[in-house]
Amino acid sequence: MDHTQELLAQAEFRRREFWIRQESCKWYRSYLSKEVIGELPSPHMALNPRSRVVCDEPEYRGYGVVLDVYPEVFAYAILLVHKVIPKGQRRPVVVCQRGLDGRPQDVADPKVESHYYHRYACGVAEEGFVTFSPRNPYIGGETYRLLQPLANPLKLSLFSFIVRQHQRILEWLSSLPFVDKKRLAF
């Protein structure tokens, strides 16, 4: 307990030493990526997008989308696209996240009423936005926690994989003819 209290007393000064290192954000971004989150190599395999219609509503259509990240690692999401997008027009995209153990259906399936999320991606799509609701690996009750101790000795974390999944998602979304790649938001 004494040791912990001593560390706590020094913490303010250690933080100050850490933050004074650089004037720009570049060093801190690199440190966060490599030392805190853990950095996997950039994926080089083809995206190989696969999709199927999962809902067809009066205002929008929904697609289940799978994108390759690494061999045996993929990104899955529900993409909602407004039915009336004039040719040549590009729409903003809202990436719709959920909390722990959430599924894309919680926010992007018109037939699922989640107590917390109330199909908010559907409402955003009805307003004319494109929405993309990814599934993240922190699902399955507590089983996702088994990945973390396996990743840590490699200087990785669960978020090392999520970052690369999101990289692939952004690559693919930016390639769609109806998406304004300068207007992507989480």
Inspect all residues belonging to segment 101-117 and state whether any of them is within 17 Å of E57 (Cα to Cα) and among the β-branched types (V, I, T). yes
Can you give me the number of residues within segment 41-64 that are without any contact (Cβ under 8 Å) to a residue 60 or more places away in the chain and either loosely packed, with under 15 Cβ neighbours inside 10 Å or β-branched (V, I, T) (or both)? 12
Determine which single condition R98 fails, assuming it passes every other condition in (1) charged (D, E, K, R); (2) part of a helix (DSSP H, G or I); (3) buried (at least 18 other Cβ atoms within 10 Å of the Cβ). (2)
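In segment 57-74, which residues are hydrophobic (A, V, I, L, M, F, W, C) and at pLDDT 95 or above? Step through it out loud before you land on a result.
First, the residues of segment 57-74 that are hydrophobic (A, V, I, L, M, F, W, C): 65-67, 69, 73-74.
Hits for segment 57-74 are V65, V66, L67, V69.
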One residue is enough: does segment 170-179 have a residue meeting the conditions assigned to a strand (DSSP E or B), surrounded by 20 or more Cβ atoms within 10 Å (Cβ to Cβ) and not basic (K, R)? yes
Is one or more of the residues making up segment 77-89 surrounded by 11 or more Cβ atoms within 10 Å (Cβ to Cβ), charged (D, E, K, R) and in the same structural domain as S157 (by TED's automatic domain parsing)? yes
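Is it the case that E127 is among the acidic types (D, E) and within 23 Å of L184 (Cα to Cα)? Give the steps one after another, and end with the answer.
Working: among the acidic types (D, E): yes; within 23 Å of L184 (Cα to Cα): yes.
Yes: the conditions hold for E127.
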Checking V73 against (1) surrounded by 15 or more Cβ atoms within 10 Å (Cβ to Cβ); (2) β-branched (V, I, T); (3) free of Cβ contacts under 8 Å to residues at least 24 places away in the same chain: exactly one of these is not met. Which one? (3)
Within segment 48-60, does at least one residue satisfy the condition of being over 14 Å from I169 (Cβ atoms) and small (G, A, S)? no
Report, by residue number, each residue of segment 132-155 that is under 17 Å from the mean Cα position of the chain (by Cα) and not in a helix (DSSP H, G or I). F132, S133, P134, R135, N136, P137, Y138, I139
In segment 40-88, what count of residues is obtained for those that are in a loop (DSSP other than H, G, I, E, B) and of a type in the set (S, T, N, Q)? 2
Sort out which residues of segment 113-127 are part of a loop (DSSP other than H, G, I, E, B) and surrounded by 15 or more Cβ atoms within 10 Å (Cβ to Cβ), and write them in order of number. S114, Y117, R119
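The values are calculated or read from the model by the stated rules, or taken from the named source; none is laboratory data. Owing to the predicted nature of the structure, the values given are computational and were not obtained by experimental measurement. We place every Cβ from the backbone using ideal geometry, glycine too, and count neighbours over all the protein chains shown.
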